[in-house]
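The values are calculated or read from the model by the stated rules, or taken from the named source; none is laboratory data. Quick caveat, the model's predicted, so the values are computed rather than measured. As a convention, Cβ positions derive from the backbone with ideal geometry for all residues, glycine included, and neighbour counts pool all protein chains shown. Only protein heavy atoms, including side chains, enter the accessible area calculation; ligands, DNA and RNA are left aside. Shrake-Rupley method; radii C 1.70, N 1.55, O 1.52, S 1.80 Å.
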Amino acid sequence: MSTMPDPAMVLTFAVIALTIVLYAWERVPIEVISLGSVASLIVIFALFPATTPSGVALGPGDLLAGFANPALITILCLLVIGQALFHTDALETPGQMIADWGRRHGTIVLYVLLLGTGVLSALLNNTPVVVMALPVLTALAQAQSRSTSQILMPLSFITILGGMTTIIGSSTNLLVADVAAGSGVVTLDFFSFTPIGTTLALAGAGYALFIVPWLMRNRAAVTDTSRPSGKQFIAQIEIGPGHPLVGAKPVAGMFDELGDMTVRLILRGETPFLPPYASTTLAEGDRVVVAATRQQLRNALAEHRVFASQAMRPEARSPVDGDDLMLAEAVVAPGSRLIGRTIVQAGLQATICCVVLGIQRRSRMPRMAMSDILLEAGDVLLLAGDHDDIETLRNSHDILIMEWSTADVPRRANAPRALAIFGAVVAAAASGLVPIVSAAIVGAFAMLASGCINTRQAMRALDSRIYMMVGASIANAAALDATGGARAIADGVVALMEGQPPLMLISGFFLLIAILTNLLSNNATAVLFTPIALGIAARGGLPAEPFVVAVILAANCSFATPIGYQTNLLVMGPGNYRFADFLIAGIPLVVLLWIVFTITVPLYYGL
């Protein structure tokens, strides 16, 4: 007489399958799918009650616990810390050094950095390694005109691969080793599985370095779609008392203090000085008219160099000195009241409370003071102001804000403290002195409290897709555990493989774990399958160590979904990845590692 399947288990499997299909389909927002998944589970367990392994009835609180999961909180706090580093340009100098190195030596620098992260992740927790490497590799990608989507997924994959080579490479390895040691059957030391783990890591690294970028070649990262153009603006520098340009002298017609900016005109009172400025020394009261790109003006503003005339700024406030400074580009609209007027005549500064840093005219570049230029329809104004003032401009009919152009100006004065906080977080997490979640929470708070980032910028760093997807995946795992679904899969496959040759048995066992680790958490998979591995070895009269190592290596094959591992979630936003991107790039890698494991495990263990 057949036993009717548990309705809660069947419905849980159906919800999980539908959730994954909808994630990959991408026609419905991830947040909606995730919320629907959790809501469905709540209804299922209200109709068909189930109990947790501890014997307590599974309720809504258990299904919602994933939204306060320490791993999820860690990810969100690390995103805030990374955003603070970005907003202070804290890694600009090392990133620029590596970018320059990359321009000179090409792709080899990228490969060295990626492989270096893999080596580090064998000794340190993978998550801080990715946090350290993210901004550096992003700068390198921009220097080499690559999409970051071609680099960040390989970064995540290689750190996961590096973590499977030593016993401290990931928390999963330590968890399996601890459970196995508790059985009294197997004791693993630091390098017990390093040879076979390294073999798999090298095979996977080759795939991550050469195949994944090709698969992601048509994916554009968020930063790639909003990159400002290299066109130049006319800007004006007023040299007041104590200005850093007082006394500056030209060298071959260029002023080193202005970097790559081109000086087009120097006005001393009503007297103009034109290139090459051979004997001109800048003095207090001079007006220097330059041609510069938006990036050059942004960098100068970040270093507290003011371009607009003091007379053009409202006396009551100083827009460029605030902590929430933003840049935006705005077009002078056809029929605007500004047409035919200068910035001073239009009273633009007093009206909009923003500083006009530069004017861009597409037809020609006039050689005159910015304050003397008569505005025309189609002129682009580069504006600096606080967030609220920039937002107010969206209601203007005279100038039209370009939506893609708004960006925060970094506060480079805060870079040293941001670096100190970041270094402390990484050191604390890597040393194991405190849990990584504690280090991340304290670090995020320190970034906010010290002014390295404000609450608006911090909230923008929090990716709602990640939050909802992780919370829903943990709810799905809890439901599988409570209904016995995960163990039913394991027992069914083990029974199916019973009596098979040892090689086929351990190969199928590896593949099963590698699949489930992308649906459940890798730690949950490891805890579930370690006792099963010991049982299979005992029933077949086989050595236990190969099966325990199979659990470690397979549980680390978290490549096929973004919820498979924390580092996948960390790169998902900056790389602008979709759920399907991980399926496309991750599934072949899982299959590759399964094949390599099947070929190499007999060589190492004689099965």
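Here are a few things to note about the model shown:
- Candidate set: the range 235-286, residues that are among the polar types (S, T, N, Q) and surrounded by fewer than 13 Cβ atoms within 10 Å (Cβ to Cβ); chosen: the one modelled with the highest pLDDT: 281
- Picking from residues in the range 373-432 that are touching a strand residue (DSSP E or B) at 6+ places or on another chain (Cβ under 9 Å) and among the basic types (Lys, Arg), the one that is most open to solvent (accessible area, probe 1.4 Å) is 394.
- Taken over the range 453-496, the criterion of being in a helix (DSSP H, G or I), aliphatic (A, V, I, L, M) and within 24 Å of residue 407 (Cβ to Cβ) is satisfied by 458, 459, 461, 466.
- For the range 416-451, filtering for residues that are more than 20 Å from residue 130 (Cα to Cα) and part of a helix (DSSP H, G or I) leaves 6.
- For residue 550, the conditions (1) closer than 22 Å to residue 114 by Cα; (2) open to solvent by less than 10 Å² (accessible area, probe 1.4 Å); (3) among the small types (Gly, Ala, Ser) all hold with the exception of (1).
- Residues within the range 134-161 that are open to solvent by less than 10 Å² (accessible area, probe 1.4 Å) and out of contact with any Cys (no Cβ under 9 Å at 6 or more places or on another chain), tallied: 15
- At least 3 residues being at pLDDT 90 or above is the threshold, and among the helices (runs of 4 or more DSSP H) wholly inside the range 497-578 those reaching it are 502-516, 544-555.
Residues checked against (1) within 31 Å of the chain's Cα centre (by Cα); (2) buried (at least 23 other Cβ atoms within 10 Å of the Cβ):
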site: 527; (1), (2): yes, no
site: 530; (1), (2): no, yes
site: 540; (1), (2): no, no
site: 545; (1), (2): no, no
site: 554; (1), (2): yes, yes
site: 567; (1), (2): yes, yes
site: 570; (1), (2): yes, yes
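- Residue within the range 322-332 that is open to solvent by 10 Å² or more (accessible area, probe 1.4 Å), in a strand (DSSP E or B), of a type outside the set (Lys, Arg) and modelled with pLDDT of 85 or more present: yes
- Note on the range 184-213: residues that are buried (at least 17 other Cβ atoms within 10 Å of the Cβ), touching a helix residue (DSSP H, G or I) at 6+ places or on another chain (Cβ under 9 Å) and of a type in the set (Ser, Thr, Tyr) total 3.
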